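The values are calculated or read from the model by the stated rules, or taken from the named source; none is laboratory data. These numbers were taken from a predicted model, which means no experiment stands behind them. Cβ atoms come from the backbone with ideal geometry, glycine included; neighbour counts cover every protein chain shown.
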Amino acid sequence: MEKTRVAIIDLGTNTFNLLITEVEGDTYRILVESKYPARLGEGGIHKATITNEAMKRGVEALTTHLITISEYQVESIFCFATSAIRSATNGADFVRRVKQELGLTIRVIPGDEEAQTIFDGVKQVVPLGDNYSLIMDIGGGSVEFIIANKNGIAWKESYNLGVARLLEQFPPSDPIQAGEIEIIDRHLESKLQSLIAAVDQFPICKLVGSSGSFDTLAAIIANKEYPLIELSKITSFKLEAEALNEVHQRLISATIEGRRTIPGMDPDRVENIVPASIIVQWVLKRLQPNEVWQCAFALKEGAILQIINNVL
């Protein structure tokens, strides 16, 4: 059977993620994963624009990924853009610039398709039974929620509540103050009423978090409780609510510089991890899942599955 090498670039609001795989028939093997902090939403996401500096960083990030791709004899490259480019008035300008300068075609996907693709990533490694699970992907521009079980998706929605968006809308003190957290909580409560209604309709037993924010929370917890575990080698990790709350208290009471020194902290998420943790805590308190899991697979792994199945 013929093997082909396929690269996926997921152009997120904060991070551009690269996945290079070798596809054979209906299976694939991951050859390399890397990420670059493009911070595409910085300085403009709340004005629905991508700043000139952010565009420059985006082109730099893609150039870096193309250098990596060139070392792996890749036959096709698929680029997917999400919230920052989707909601920016000059998103099409960035797409054009990338095509002209780098020859890459970027496909801007709607929130609904983003949620579906995230599910197609998660279902590969997290067992879904008869009971419903809530899959949650915290991005820089949007947060996707998917309620699903082994039969597929029962409900899905993409909300413009990403961490870069929250940071621009509610700039925090350093460290963040209790009143500032309350304001974000109230904002989440007002914007997520349709999620609350969906969970009433499809009661969930498990929360599955797939995103860099969940990876970082898992890394901080694992670093403290299981120092010998190498998280990059496992695809899902159970997070105890108590441990998540402990990390949350630590994150919100620390300054930016203090957070930088926390073992397991991703240096590119030092600012974003606070609103991310606030969203996680809101979900835990409001929806009360029995279990919480971090999942290493998300959009880019879902995209590979769709490519293999000729969905894309």
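Odds and ends about this structure:
- When residues in segment 150-188 are screened for being of a type in the set (A, V, I, L, M) and assigned to a loop (DSSP other than H, G, I, E, B), 2 of them pass.
- Gly302 vs. criteria out of contact with any strand residue (DSSP E or B) (no Cβ under 8 Å at 6 or more places or on another chain), surrounded by 14 or more Cβ atoms within 10 Å (Cβ to Cβ) and either touching a residue at least 60 places away in the same chain (Cβ under 8 Å) or over 29 Å from Leu18 (Cα atoms) (or both): yes
- Of the candidates Val95, Val143, the single residue that is of a type in the set (A, V, I, L, M), free of Cβ contacts under 8 Å to residues at least 24 places away in the same chain, surrounded by 18 or more Cβ atoms within 10 Å (Cβ to Cβ) and under 23 Å from Ala48 (Cα atoms) is Val95.
- Residues in segment 82-106 that are within 30 Å of Ile234 (Cβ to Cβ) and of a type in the set (D, E, K, R): none.
- The listed residue being touching a helix residue (DSSP H, G or I) at 6+ places or on another chain (Cβ under 7 Å), part of a strand (DSSP E or B) and either in contact (Cβ under 8 Å) with a residue 12 or more places away in the chain or not hydroxyl-bearing (Ser, Thr, Tyr) (or both), out of Val274, Val292: Val292
- Any hit, segment 9-18, residues being part of a loop (DSSP other than H, G, I, E, B), aliphatic (A, V, I, L, M) and under 21 Å from the mean Cα position of the chain (by Cα): no
- Residues (in contact with a strand residue (DSSP E or B) (Cβ under 9 Å, 6 or more places away or on another chain), aliphatic (A, V, I, L, M), farther than 13 Å from Arg5 by Cα and crowded, with 19+ Cβ neighbours inside 10 Å) located in segment 19-76: Ala38, Leu40, Ala61, Leu62
- Which listed residue is touching a residue at least 24 places away in the same chain (Cβ under 8 Å), touching an Asp or Glu at 6+ places or on another chain (Cβ under 8 Å) and not aliphatic (A, V, I, L, M), from Lys191, Lys238: Lys238
- Screening the candidates Ile45, Ile138 for the property of being of a type in the set (Val, Ile, Thr) and modelled with pLDDT under 95 yields one hit, Ile45.
- Flag if Thr117 is within 22 Å of Val283 (Cα to Cα), assigned to a helix (DSSP H, G or I) and polar (S, T, N, Q): yes
- Subset of segment 189-207 [out of contact with any Pro (no Cβ under 9 Å at 6 or more places or on another chain) and not in a helix (DSSP H, G or I)]: Leu192, Phe202, Pro203
- All positions within segment 226-242 that are surrounded by 12 or more Cβ atoms within 10 Å (Cβ to Cβ) and either part of a helix (DSSP H, G or I) or among the hydroxyl-bearing types (Ser, Thr, Tyr) (or both): Leu231, Thr235, Ser236, Ala241
- Residue, farthest from the chain's Cα centre (by Cα), within segment 161-199, restricted to residues that are surrounded by 18 or more Cβ atoms within 10 Å (Cβ to Cβ), more than 14 Å from Val280 (Cα to Cα) and of a type outside the set (A, V, I, L, M): Pro172
- Search result, residues across segment 132-146 that are in contact with a helix residue (DSSP H, G or I) (Cβ under 7 Å, 6 or more places away or on another chain) and farther than 15 Å from Ala298 by Cα: Gly141
- Candidates Asn223, Asn245, Asn290 - the one that is more than 23 Å from Gln169 (Cβ to Cβ), at pLDDT 95 or above, surrounded by 14 or more Cβ atoms within 10 Å (Cβ to Cβ) and of a type in the set (S, T, N, Q): Asn245
- Selection count where residues are in contact (Cβ under 8 Å) with a residue 12 or more places away in the chain, touching a Gly at 6+ places or on another chain (Cβ under 7 Å) and not in a helix (DSSP H, G or I), scope segment 38-80: 4
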